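Below is one structure, written out as structure tokens; the observations come after it.
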Amino acid sequence: MKLGLGLYRNMLKKDYYKFARQCGCTHIVVHLVDYFNSEVGVLPTTDKKGNWGHAVANDPIWEYENLLNLKKEIEANGLKISAIENFSPGDWYDVLLDGPKKHEQIEKIKTLIKTVGKVGIPVIGYNFSIAGVYAHIRTTAARGGAETVIFDGENSACKEPIPKGEVWNMVYDETDYKEFVETVSQDQLWERYEWFLREVIPVAEKAGVKLALHPDDPPVPVLRGAARLVYQPKIYQKVIDTYNSPSNSLEFCMGSIQEMSEGCIYDAIEKYASQERIAYVHFRNVKGKVPNYQEVFVDEGDIDMIKALELYKKHNFQGVLIPDHTPEMTAPGAWHAGMAYALGYMKALMKVIDKEVK
């Protein structure tokens, strides 16, 4: 197992690489999409007045030379890129919406996958979701009044329709919030997803890239009138069985799995780690399940993180674990302090588990 850190677009610079190394990380998961309009920290409040900004299409950062330079820059700072997380909604919104540009856009996604493989980056994480991450509320709910996010299923934002021109909580085309995306059923969403897998997995196989699906966050069956894909742990098996290939893998978010109303996080780790389908792990903790939960410090939630790590070790998981959505601490560098706390905890546990196994 390897220790890593996820860095957003505005964090892809030397000081953040140095911070990652100082915390003991060897790997980086990079986000090329410019979320939050460069806001740093935990998830912002999401509602109809606030989302994750504008989704850029055909961003030059995905071009071969630029990706290669980013890889070299990160490696020059003693780290490796283990994955890129998420396509820009601007590049594939009609794949998600089954719109008129879906064939043109799927070819763009295939090109991105080929480029990532050519550069030598092994994994692309992604969310196949129309509503995206939405209806979270930012508050001081973590230990000691640390700032974090909570989810309340009664929040009216959960039922807000999605305006046309927006997908996955980002705007790809200007909207006046008067026309809305039609409701999407489970059958419709799965039909779109199966088509997506048939198109891209053969390309990923040839490129030597794993495509790793993130579970829904929040993991509810329907959000904003759109069905969700993976909102229970068992549904990941359907994903695997839909296209049986090592390139069809999982971005295993422990927080999202724990938040689900059914199943057991430890059974899920056993099930999918034993099949060698977990590409990398979001190692985070929560309290509660849908319809009400809160994201908390890695050591204060409902998941026994030591037990979880023992299960990854049992199945010889060799991938990267990164903290995610960790609460911010009351300090001049709130994000840095929260991440340093999580990474120190993770590194210590990993050393303990290694000694126990030996």
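The values are calculated or read from the model by the stated rules, or taken from the named source; none is laboratory data. Because the structure is predicted, anything quoted here is derived from the model rather than measured. Backbone-built Cβ (ideal geometry, glycine too); neighbour counts: all protein chains shown. Only protein heavy atoms, including side chains, enter the accessible area calculation; ligands, DNA and RNA are left aside. Shrake-Rupley method; radii C 1.70, N 1.55, O 1.52, S 1.80 Å.
Some notes on this structure:
- Within segment 92-125, tally of residues that are without any contact (Cβ under 8 Å) to a residue 24 or more places away in the chain, part of a helix (DSSP H, G or I) and not aromatic (F, W, Y): 7
- Residues that are among the charged types (D, E, K, R) and either open to solvent by 30 Å² or more (accessible area, probe 1.4 Å) or within 15 Å of V281 (Cα to Cα) (or both), drawn from segment 315-358: D324, K347, K351, D354, K355, E356, K358
- The set of residues in segment 309-335 that are out of contact with any strand residue (DSSP E or B) (no Cβ under 9 Å at 6 or more places or on another chain) and assigned to a helix (DSSP H, G or I) comprises E310, L311, K313, K314.
- Scanning segment 106-145 for residues that are over 27 Å from L67 (Cα atoms), touching a helix residue (DSSP H, G or I) at 6+ places or on another chain (Cβ under 9 Å) and open to solvent by 10 Å² or more (accessible area, probe 1.4 Å) yields a single hit, I137.
- Considering residues of segment 159-186 that are open to solvent by 90 Å² or more (accessible area, probe 1.4 Å) and either modelled with pLDDT under 85 or assigned to a helix (DSSP H, G or I) (or both) only, the residue farthest from Q105 (Cα to Cα): K159
- Which listed residue is hydrophobic (A, V, I, L, M, F, W, C), over 30 Å from N285 (Cβ atoms) and surrounded by 19 or more Cβ atoms within 10 Å (Cβ to Cβ), from L189, L223, L197: L197
- Residues of segment 61-91 classified as touching a residue at least 12 places away in the same chain (Cβ under 8 Å) and of a type in the set (K, R), total: 2
- Whichever residue in segment 297-314 is of a type in the set (K, R) and open to solvent by 70 Å² or more (accessible area, probe 1.4 Å) and, among such residues, is nearest to R143 (Cα to Cα): K307
- Here Y280 meets the list (1) open to solvent by less than 10 Å² (accessible area, probe 1.4 Å); (2) among the aromatic types (F, W, Y); (3) touching a helix residue (DSSP H, G or I) at 6+ places or on another chain (Cβ under 8 Å); (4) within 24 Å of I109 (Cβ to Cβ) almost entirely, failing just condition (3).
- In segment 68-105, the residues that are under 16 Å from V203 (Cβ atoms) and either open to solvent by less than 60 Å² (accessible area, probe 1.4 Å) or in contact with a strand residue (DSSP E or B) (Cβ under 6 Å, 6 or more places away or on another chain) (or both): I84, F87, D91, W92, V95, K102, Q105
- A search for C-beta distances below 8 Å between a residue of segment 136-151 that is more than 18 Å from M260 (Cα to Cα) and any residue that is assigned to a helix (DSSP H, G or I) and aliphatic (A, V, I, L, M), counting only pairs 6+ apart in sequence or on different chains, returns E147/A334.
- E300 among the acidic types (D, E), touching a Lys or Arg at 6+ places or on another chain (Cβ under 7 Å) and touching a residue at least 12 places away in the same chain (Cβ under 8 Å): yes
- Residue within segment 16-30 that is farther than 25 Å from F252 by Cα, out of contact with any Pro (no Cβ under 6 Å at 6 or more places or on another chain) and either open to solvent by 30 Å² or more (accessible area, probe 1.4 Å) or modelled with pLDDT of 95 or more (or both) present: yes
- Odd one out for M1, checked against (1) farther than 26 Å from E166 by Cα; (2) of a type in the set (A, V, I, L, M, F, W, C); (3) modelled with pLDDT of 95 or more: (3)
- Criterion applied to Q232, Q275, Q294 was being outside any helix (DSSP H, G or I), open to solvent by 20 Å² or more (accessible area, probe 1.4 Å), out of contact with any strand residue (DSSP E or B) (no Cβ under 8 Å at 6 or more places or on another chain) and touching a residue at least 24 places away in the same chain (Cβ under 8 Å), and the one residue passing it is Q275.
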